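The values are calculated or read from the model by the stated rules, or taken from the named source; none is laboratory data. If you're wondering where the values come from, they're calculated on a predicted model, not measured in any experiment. Don't worry about glycine lacking a Cβ; one is built from the backbone with ideal geometry, like all the others, and counts go over all protein chains shown. Each accessible area value is taken on the protein alone, full model and side chains, heavy atoms only, with ligands, DNA and RNA left out. Shrake-Rupley method; radii C 1.70, N 1.55, O 1.52, S 1.80 Å.
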Amino acid sequence: YVAAVYEHESILSPDPTALVDRQSALELMGRNLDIYEQQVVTAARQGAQMIVFPEDGIHGFNFSRSSIYPYLDFVLHSGSVKWNPCREPHLFNDTEVLQRLSCMALKNKIFLVANLGTKQPCEHSDPRCPSDGRYQFNTNVAFSDDGLLVATYRKHNLYFEDAFDTPPEPDYSFFDTPFAGRFGMFTCFDILFFEPAVNLIRQYNLKQIVYPTAWMNQLPLLAAVEFQQAFATAFNINILAANIHHPALGMTGSGIYTPVKSFIYHDMESYGGKLIVAEIPVITTDYKTNLESNEGFREQVSDKGHEQLPPLFYAEMMYDNFTFVPVWGEKGELQVCASSLCCSLSYQRAVGTEELYALGAFDGLHTVHGTYYVQACALVKCRGLSFSSCGQEVTDATALIEFQLRGNMSTPYIFPLLLTSGITLDFADHMGWKNNHYFISKNRTSSGLLTAALYGRWYEKD
């Protein structure tokens, strides 16, 4: 099927904390919706059957709970009412944004997924009802190609969003299409947690995901395109991921991902939006993955007796204290452990580059910008030649490395990261479990290696 995602540079409110009336809010959102409409027309002309827009794309961000109120539409979250906002605009009040989105889908005969703020009144008898008498949700909506509202999803894992409430229960949201079966839906930070993202995929055996996000890139392990691809690979699914475009805030990185190929956009230099349209296979059953392959690395023969072990050192990466060893020389085998996790690396690299690489391990609770338990084995390019520069953000590399990276991970949820120079992606040749270790191997990266990592999420220990 042909899918489209649009990375949108939103027109933002000059002062998001100012209190404005509904009319002013609608005017600002209308300017973003005008851009959406142009993109829907363009995508439909290119044969797209579905288009996905980013999180916060219509209203922007940095609102307070009260200042976002005029920007919120009313939406029923029960699936019991079949509603077509374009054809039945007067069924509910305050649904102007939903009406426009519904009409775009209908006019262009395209499935459309977008993110907006929504409100729902609640009774004071409800113990969870906020004091202002309403719930405010960060919401995804999906419309069918005739404008029908087919699914809503309220973001569960909020990322410092004071304007919004967490829904009382996780939404498991999905909808059916005639061209690719069932699609699941969640938002941004949700991708790092078991509920509802992982549970949704497993419970409903989903093979396609739509994913609006407003993701701030964090190298070396959590660049948007890097983690989006790792997620598609780990779960053997297609992901249509639309990110917001605000390079000044470190926000870019969208793509259409399959387990074996990606169509991505990552651009920290230029302004304006970007439409990606790609034809991808419908995943109906599991690909024959490399999980059973025992093709390891060619055994490296070296005289072990006279080698000195490289020094251990500690450095902060992604706000976590990693234990590292330097990766010296043109080939070798290394191991580094942290807590119960041991990571080992066999490597060979093309000669002639001076760059310093390091192999790091972390097994513990990550506590900055969210709390979640991580087990990670990571081969990273250091920013400079000193140990203290390892773990810092780097975007370019020249070293071509052949490697196998292994870890005795305690969780089955492992995201294989493979990021190359200029924030581009590569795919592993083999990966999977072997003798209670998870491994990822690559014959030779297509360009300079930035990060090769096993990013494990041990959900039970969050």
_Mean Cβ count within 10 Å, highest first, over the residues of peptides 14-23, 65-74, 267-276_ = 65-74, 267-276, 14-23
*Would you work out which of Gln23, Ala241, Phe111 lies farthest towards the positive end of the dipole of the stretch 2-279? Charges go on Cβ: Lys and Arg +1, Asp and Glu -1.*
Phe111
*Mind listing the long-range amide H neighbours of Ala315? Cut-off is under 5 Å, sequence gap 5 or more, other chains count too, H placed in the peptide plane at 1.01 Å from N.*
Phe322, Phe324
_Relative packing of peptides 423-430, 354-361 - highest average C-beta neighbours within 10 Å first_ = 354-361, 423-430
*Going by average Cβ neighbours within 10 Å, how do the peptides 40-46, 169-175, 223-229 rank, with the highest at the top?*
223-229, 169-175, 40-46
*With +1 on each Lys and Arg Cβ and -1 on each Asp and Glu Cβ, and nothing else charged, work out how big the dipole of the stretch 313-461 is about its Cα centre, in Debye to the nearest 20.*
280 debye
*With all distinct Cα pairs included, what does the Kirkwood hydrodynamic radius of the chain come out to in Å, to one decimal, could you say?*
23.1 Å
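Fully extended, how many nm does the chain gain between His369 and Arg87 (0.36 nm per residue separation, minus their Cα-Cα distance)?
97.3 nm
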_For the pairs Lys82/Lys155; Lys119/Lys207; Lys82/Lys109; Lys109/Lys155, flag any whose C-alpha to C-alpha distance is greater than 24 Å._
Lys119/Lys207; Lys109/Lys155
*With every protein chain left in place, what is the accessible area of Ile414 in Å² (1.4 Å probe, nearest 10)?*
10 Å²
*Which of Gly422, Ser441, Val351 sits farthest toward the positive end of the charge dipole of the chain, with +1 on the Cβ of Lys and Arg and -1 on the Cβ of Asp and Glu?*
Ser441
_Using only Cα atoms and rounding to the nearest 10 degrees, what angle (0 to 90) does helix 224-235 make with the longest principal axis of the chain?_
80 degrees
*asked:* Can you compute 3J(HN,Hα) from phi for each residue in the stretch 443-460, using the Karplus curve 6.51 cos²θ - 1.76 cosθ + 1.60 with θ = phi - 60°, rounded to whole Hz and x for Gly and Pro?
replied: 5, 5, 5, 6, 9, x, 7, 9, 9, 10, 8, 10, 9, x, 10, 9, 4, 4
*Quick one: what are the phi-derived ³J(HN,Hα) couplings along the stretch 352-362, Karplus 6.51/-1.76/1.60 with θ = phi - 60°, whole Hz, x for glycine and proline?*
x, 10, 8, 4, 8, 10, 9, 9, x, 10, 9
*Rounded to the nearest 10 degrees, what's the angle between the helix 96-108 long axis and the longest principal axis of the chain, both from Cα atoms, 0 to 90?*
80 degrees
*In degrees between 0 and 90, to the nearest 10, how far off the longest principal axis of the chain does helix 22-45 point, with axes built from Cα atoms?*
60 degrees
*So what J values fall out for the stretch 127-144 if you push phi through Karplus, 6.51 cos²θ - 1.76 cosθ + 1.60 with θ = phi - 60°, rounded to Hz, Gly and Pro as x?*
x, 8, 5, x, 4, 7, x, 8, 8, 10, 10, 8, 10, 9, 10, 10, 10, 7
_Simple label model, 7 Å out from Cα along Cβ direction - Asn62 to Phe427, nm_ = 4.0 nm
*Semi-axes, largest first, in whole Å: what does sqrt of 5 times each Cα gyration tensor eigenvalue give for the stretch 70-202?*
24, 20, 12
*Kirkwood hydrodynamic radius for the stretch 313-461: how many Å is it when counted over pairs of different Cα atoms?*
15.1 Å
